[in-house]
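Laboratory data are not the source of any read-out in this text; all were calculated from the coordinates shown. Being a predicted model, the structure only gives us computed values, none of them experimental. Methodologically, a virtual Cβ is constructed for each residue, glycine included, from the backbone with ideal geometry; neighbour enumeration extends over all protein chains shown.
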Amino acid sequence: MASTTGQLTFAIETFKRIHPVEFQRRFLSQQTRHDGRAFDEFRNTQVVKGTISTAHGSSTVRIGNTTMVCGIKAEVSEPDVSRPNEGFLTTNIDLSPMCSASYRPGAPSEEAQVCSEHLFRLFSGCVDLAALCIEKGQAVWALAADVVCLKSDGNIMDAAIIALLAALEDVQLPQASLDSVTGVVSADKTMAKRLQLQRRLFPASFSLVDDAYLVADADDAEERLATGSLLVVLDGNGKLANVWKRGSFIGRDAIARCVEEAQARRNAVAKALK
């Protein structure tokens, strides 16, 4: 019996490796997926805040096997002359060969650069940059958020967005003041204040697999066959904040359905963030 089960498992794995497209189609044609999920079902999401002791704010997020860590460092900087009372927020996503064989060492890949830019655009209105001002025209806080993928198994954008949101909610900035005589900024860590966000963001990603099946939270195997993708981002009130569509055409009715499914996903992510 054990031998028969082992042979069957070996045959399935061999078929999956040799004919990955047909392997997925066999499941999708039966209105299910290779890991048993329904088309609209997301993987379990886990969020832990404060996982990096040396950062001012941090988090670790797992969506299935996809694991993302975000650390935020705060440094004193001079403000931009055009915005003397505003601080800075910079974001970066690191997709290294450590997280997947799909990525190569060296300069950031095009995917990493595109994702980093989109992450920055999404969160540019979440942080009140004026609240990062220490002394107008002289000193402000500069927040540098590094999002590092430890394990990539699909849907890295959802994991990155949730990780950055959780890390920002974990940020505590020391009470800082500028000595007008010496020009030195002193910080009192005992008077640290938590960063207040202007809005929260809740992502839900969908992939068009094999140009025919729209599935939520695609894993790596499904993403390899995806011809298009849709990222729906809602704010804390459930209002649509952003839609990012790439690849093959996805109709309006399908997009509307994804937005509805994103509402349920928002509630699940909000629960995980608590």
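General remarks:
- Estimated Rh, the chain: Kirkwood, alpha-carbon pairs, angstrom: 20.4
- Crossing angle, helix 2-18 versus the chain [Cα axis fit, 0-90 degrees, rounded to tens]: 70
- Helix 110-123 and the longest principal axis of the Cα set of the chain meet at an angle near 50°.
- Think of the chain as a dipole: +1 on every Lys or Arg Cβ, -1 on every Asp or Glu Cβ, centred on the Cα centre; then among Val232, Ser152, Ala264, Ala264 lies furthest on the positive end.
- Cys with no candidate disulfide partner in the chain (beta-carbon separation under 4.7 Å rule): Cys70, Cys115, Cys126, Cys133, Cys258
- Mean projected area in nm² (Cα convex hull; one quarter of hull surface) for the stretch 111-175: 5.4
- Maximal additional length on extending the Asp128-Ser100 stretch stands at 6.6 nm, based on 0.36 nm per residue less the C-alpha distance.
- Binned Cα-Cα distance frequencies in the stretch 43-198 - 5 Å width, integer %: 2, 10, 17, 20, 18, 13, 9, 7, 3, 1, 0, 0
- Point-charge dipole on Cβ atoms (K/R +1, D/E -1) for the chain, about Cα centre, debye to 20: 560
- Euclidean distance between Cα centres, the stretch 190-226 to the stretch 47-85, Å: 18
- Over all directions, the projected convex hull of the C-alpha atoms in the stretch 199-274 averages 5.0 nm² in area.
- Computed from point charges on the beta carbon alone (+1 for Lys and Arg, -1 for Asp and Glu), the dipole magnitude for the stretch 43-198 about its Cα centre is near 420 Debye.
- Cβ charges +1 (Lys, Arg) and -1 (Asp, Glu), total dipole of the stretch 199-274, debye: 600
- Close amide H pairs (under 5 Å, H built 1.01 Å from N) link Leu214 with Val209, residues at least 5 positions away or on another chain.
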